[in-house]
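As structure tokens, the structure follows; a few thoughts come after it.
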Amino acid sequence: TPAESDYRLLEVACRLEMYGIRLHPAKDREGTKLSLSVAHGGVLVFQGHNRINNFNWSKIRKLSFKRRRFLIKLRADPS
């Protein structure tokens, strides 16, 4: 049925690594091209289509965006 077909399509799609990820272009301090994405687990950093960093929501203390600068402040690691 069409409903079952849609359901199976969504089942396959949600297992894909980049499902639901919308990349936003950015650069780091050195000018390297990166992409940022906000996901259910936190803020993801990509170089090309390779994830190079993940900032979990539980470790993020503050997010700020002023003019063209995006800043993530993390909680201090107890160890």
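Contact map, segment 47-63: first residue on the phi > 0 side of the Ramachandran plot, second residue open to solvent by 100 Å² or more (accessible area, probe 1.4 Å) and not in a helix (DSSP H, G or I), Cβ cut-off under 9 Å, separation 6 or more or different chains; pairs are Gly48/Lys33. Highlighted here are the strands (runs of 3 or more DSSP E) found entirely within the chain that include at least 2 residues which are open to solvent by less than 90 Å² (accessible area, probe 1.4 Å) and of a type in the set (A, V, I, L, M): 33-39, 42-47, 60-66, 69-74.
The values are calculated or read from the model by the stated rules, or taken from the named source; none is laboratory data. Just so it is clear, the model here is predicted, and its values are computed rather than measured. Glycine gets a Cβ as well: all are built from the backbone with ideal geometry, and neighbour counts include every protein chain shown. Calculation scope for accessible area: heavy atoms of the full protein, side chains included, ligands and nucleic acids excluded. Shrake-Rupley method; radii C 1.70, N 1.55, O 1.52, S 1.80 Å.
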